[in-house]
Each structure stands twice: as C-alpha cells, then as structure tokens.
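Report on the structure given below.
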Amino acid sequence: LADLWWIYSKPVPADGRELWTFFLQCSCITAVIGGLFYNWMFASLEYSWHLSTATAVSFGLLLLLTLLLVHPARCVFSMIMPTLGTKQGRKLLFSTCIMIAVVNITPNIMSNIKTILQVIKCICKNSSDSLLNSTALLEDVSWEFGDAIQATSPIYKPMNGHFRFSLLQNSSLIYKKMHLAGEKISREFLSVEVLVKDSIRVANRLAAGFFMLYLCFESTWYLKNYLTNLRFDNFYITKRLERLAADRGAAHLLVGSPKKLIRPTGLRLSWEEGVLCLLRAMLVTVALLLLLLLLAMDHFAFSVADTVVGRAARFSAVPVTLSIKYKVGIGIADFVFKALSRPSVELLFKDFNRTYHHHLIFSSASCRISPPMPPNPSVLLVVGLLFCILYATVFLEAYARRLCREIAASFFPGWEEERVLHLYRRLARRH
C-alpha cells in the first residue's frame, strides 16, 4: 500500500511499470467515483437516468484526464475524501436528508390529508342525501295530514288543508356542486404538493451543486495555504520534526512543547478542537429536532386519518322521529253550561295521532376512500443512519484535517521539510 501511494503521489512515474500501475489506479478511482456520482444524481437529486448517465460518463472522463495529467489537482482530489468528514460533508448529508424527507415524508402527509378530506366529502354527500329524503318524508306527511284535516267534520268542510312544500326534487344540482367543490380542493392540494416538491427539489439541487463546488474550493484553498504559508496548520509533532530535533540535539523542545502542539496520529484533541466539536454537535442536534418534528407530523397525520376512517366506518344512523298529534272538537253552548256551573261538553270529530320515523345516514360503503398511508419505517432508519454519520463527522473533523495535512505532505515532501524546519525554528526561539 505504501508503494502504491508513493506511485500515486509522485508528480511523474519513473518507469513503465509505475506508469501502468498509476493508470490502473486512476481508472479504478474514476470508475468508483463515476458510479457514485451517477447514483447521487439519479437516486438523491432525482435527475433522469439518461442525463445522470451522460453527466457521470463525462465527469468520469474529465476526472481521469485530470488525475493523469495534473499533479496538484490529484492532490486536491485526494483531499476531498477526508474533507467530506468536515462541515462541507455535513452540508451534503443535510441536503440528502432534506431530499429524503421531501420524496418520502411530504407526499405521505399529503396523502393522509386527502384521506381525511375524502371522509368529510363522503359524510357531506350522505348527509345531504338523508336530508333530501327527509324532505320527501315531510311532503308525504303533509298530504296525509291535509287529508285528515279535510275529513274532520261532516257538517263543516274546511278548505284544502294540504301543505305546499317547495322541494328540490332534482338532487343532481347539489351533487354537481359538491363534486365540483371536491375536485377544486383536490386540485388545490395537488398543486400545492407539486409546488412544494418542485421547489424543494430545485433548492436541494442548487444547494448540492454549491456544496460540491465549495468542497473542491475548500480543498484547493487548503492546498494553496499549505504551499504559501509556513504557519498555516503547522502545529503537529511529526516524525520529521522528531528526527530533526534528535539530529540537532534538541529533543527537549518537543518534550516540554506547548499544549497547542499535538501529534497527528494521536487521539488527543486540543481544547479549541473540543469546543468546536461541541458547537457543531449542537447545530446537528437542532437539525435533528427539526427533522424529527417532520417525522412526528407524518405519524400524527396517519394517526388522525386512520382514526377518522375507522370512526366514519362505524357511524350509526341517527334516528329522527316526527310525531303529529291533532285533535278537532267543538264546544256546544259554553255560556249555558257556565251559567249552570257545569263543565262544558266538547264534541270530538277527528283525532289525528301518528308517528313517522326516518334515519339520517352519514357514511356509506359506496364511498371511495383511499386507505391511510402509514409512515415508511425505512425512512426513519435511513435518516437515523445519516445522523449517526453526521455526529461521527463532528468528532472526526479534527482527524480529517490532520489527514488532509498528511496527504499534502506526501504530495509535496520538499515543502513539508521547509514547514518542519520553520516550526523547529519557532520552538527554538520560544525556548
């Protein structure tokens, strides 16, 4: 592995064997990165497969030529891998989490809201049918009652006692209006869903492209500062520094070195690195809470939709009872009986006492209600895995930065000697 890395980090291969080895290394790297790039564009950013394929092939060929011909660019590309463990890599992971939420969670919430609206629409339709049927019952009752009024007395024939109801005999107008209202609500929800998905998809694509460019820029910026500033990221006790101090008889400079100096291969974090890790962990926790809130909304929408569908299916018919009690009588010579201090006598001609029953129905098996969509457990699993990686990158960022320095030192060993000598002189002056 050391020999392969030495061939890869050299500016120019020494012979034909190293040239073929170097070409195979770059080809394998290009194939792997091209496949990952295609999967990222097609699965995460949701580009079409032909656009993703064409872009991945073009990117792979360009990357292969760059790795073969440009030595500093090869160093920058090598530093991109550990840079993924820094804040730029976290931004890409955040972008992936947002895209997963948009593609999987948001449509699920919208689907459950549609189910609730379908239940409301079904209840409105069936209740309107029942109300229309109740008006028809009132019409029948009015005619029976009118016939009874006209047959009350054989002596006096009252006028036509039929009640006139202005009934809506044709219920298709109500159904049409309800259907149009439901279609309008469905179109509005669909347009909102499409707008939200498209907006977040475009924003996520722009953010992902920006983060990738900034990732390359940050690696280039690190290499530029490494090659131009001797003090930049130069506080590590490397083997070269230990060897230089031992050759000059100044090993005590490293034993009593300041606390800021650390070993690049050690696990100890400096105080500044520890504080930065805690701050970054707090930011990741805030993002995790926001995403958990969205997942909770998904579960809440499913719970409400499932409850509404279950309760609507168990709606019982509401009984309605209409009782009519009608009594017709005539008092004979009330003043005579009153003068004799006797109770008056009332002659009853007709007694109408009937009860009518009706049921208001709110739900029906003929209603088209889509079943509630339960939350996808794999989404929670993937999001949890991504946030575990995010928390890992928080504490691995310091080590990723050390690895970037090791990569730059292996690509430019002569300049690394100059940096070690500069650090040694600083220690000697301070001592």
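Confirm whether Phe387 is more than 22 Å from Lys239 (Cα to Cα), assigned to a helix (DSSP H, G or I), open to solvent by less than 40 Å² (accessible area, probe 1.4 Å) and touching a helix residue (DSSP H, G or I) at 6+ places or on another chain (Cβ under 7 Å). Steps first, please.
Details: more than 22 Å from Lys239 (Cα to Cα): yes; assigned to a helix (DSSP H, G or I): yes; open to solvent by less than 40 Å² (accessible area, probe 1.4 Å): yes; touching a helix residue (DSSP H, G or I) at 6+ places or on another chain (Cβ under 7 Å): yes.
It is true that Phe387 is more than 22 Å from Lys239 (Cα to Cα), assigned to a helix (DSSP H, G or I), open to solvent by less than 40 Å² (accessible area, probe 1.4 Å) and touching a helix residue (DSSP H, G or I) at 6+ places or on another chain (Cβ under 7 Å).
Anything in the range 41-78 that is in contact (Cβ under 8 Å) with a residue 40 or more places away in the chain and in a helix (DSSP H, G or I)? List them, or say none.
Matches in the range 41-78: Ser44, Leu67, Leu68, His71, Pro72, Arg74, Cys75, Val76, Phe77, Ser78.
Residue under question is Tyr8, and the condition is that it be open to solvent by less than 50 Å² (accessible area, probe 1.4 Å) and either among the aliphatic types (A, V, I, L, M) or part of a helix (DSSP H, G or I) (or both); does it hold?
Working: open to solvent by less than 50 Å² (accessible area, probe 1.4 Å): yes; either among the aliphatic types (A, V, I, L, M) or part of a helix (DSSP H, G or I) (or both): yes.
In short, yes.
Among the residues of the range 275-292 satisfying the criterion of being within 19 Å of the chain's Cα centre (by Cα) and open to solvent by 100 Å² or more (accessible area, probe 1.4 Å), which is nearest to Ala398 (Cα to Cα)? Break it down into steps so the answer makes sense when it comes.
At the first step, the residues of the range 275-292 found to be within 19 Å of the chain's Cα centre (by Cα) are 283-292.
Now drop any that are not open to solvent by 100 Å² or more (accessible area, probe 1.4 Å), which leaves 283, 289-290.
Details: Leu283: 17, Leu289: 25, Leu290: 26 Å.
Filtering the range 275-292 for residues that are within 19 Å of the chain's Cα centre (by Cα) and open to solvent by 100 Å² or more (accessible area, probe 1.4 Å), the one nearest to Ala398 (Cα to Cα) comes out as Leu283.
Among all residue pairs at least 6 apart or on different chains, which show Cβ distances below 7 Å where the first residue, located in the range 286-301, is assigned by the TED database to the domain that holds Ala101 and the second is open to solvent by 40 Å² or more (accessible area, probe 1.4 Å)?
Ala287/Phe94; Leu295/Leu380; Ala301/Ile113
Filter the range 405-431 for residues that are open to solvent by 40 Å² or more (accessible area, probe 1.4 Å), assigned to a helix (DSSP H, G or I) and touching a helix residue (DSSP H, G or I) at 6+ places or on another chain (Cβ under 8 Å); which is modelled with the lowest pLDDT?
Ala428
The values are calculated or read from the model by the stated rules, or taken from the named source; none is laboratory data. Keep in mind it's a predicted model, so treat the numbers as computed, not measured. Quick reminder, even Gly has a Cβ in these numbers, built from the backbone with ideal geometry, and neighbours come from all protein chains shown. Please note that ligands, DNA and RNA were not included when accessible areas were found on the heavy atoms of the full protein model with its side chains. Shrake-Rupley method; radii C 1.70, N 1.55, O 1.52, S 1.80 Å.
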